[in-house]
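Data block below; observations after.
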Amino acid sequence: MAYNVTYFLNRYIFLVKFESLLEGYVPQNLTKIAEAAKTHKVNNIIYESNFGDGIFG
């Protein structure tokens with residue numbers, strides 16, 4: 001599993017964080033994603049349609 005955090009300014013996209021996580025959908029990994037979203041004040045989380053086989057959305 002992997003995630004990234006991007007910022008958008010005008011037509012530019014800035015990649016500010018990315019991380020690859022081992023062990024799949026364990027609570028520790030989901031917590032890391034939530035903490036990254038909180039740290040960077042994320043407004044929107046977008047996931048792939050096949051991400052988690054229904055764990056999200």
Exercise for the section: For n ≥ 4 DSSP H runs only, could you compute -39500 (n - 2.57) per run for the chain, divide by its residues and tell me the 222 nm figure to the nearest 500? Expected result: -7000 deg cm²/dmol
Handout entry: Whole-Hz ³J(HN,Hα) from phi, Karplus 6.51 cos²θ - 1.76 cosθ + 1.60, for the stretch 38-49, glycine and proline x
Key = 5, 4, 9, 6, 5, 8, 8, 10, 10, 10, 5, 4
Completion exercise
If unit charges are put on Cβ atoms (+1 for Lys and Arg, -1 for Asp and Glu) and the dipole of the chain is taken about its Cα centre, the option from L9, P27, S49 lying farthest towards the positive end turns out to be L9
Exercise for the section: Please state the charge dipole magnitude for the stretch 2-54, taken about the Cα centre, from unit charges on C-beta atoms (+1 on K and R, -1 on D and E), reported in debye and rounded to the nearest 20. Expected result: 340 debye
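Only the coordinates and a few stated rules stand behind these numbers; no lab work does. Quick caveat: nothing in here was measured; it's all calculated off a predicted structure. When we count neighbours, we look across all protein chains shown, and the Cβ atoms used for this are built from the backbone with ideal geometry, even at glycine.
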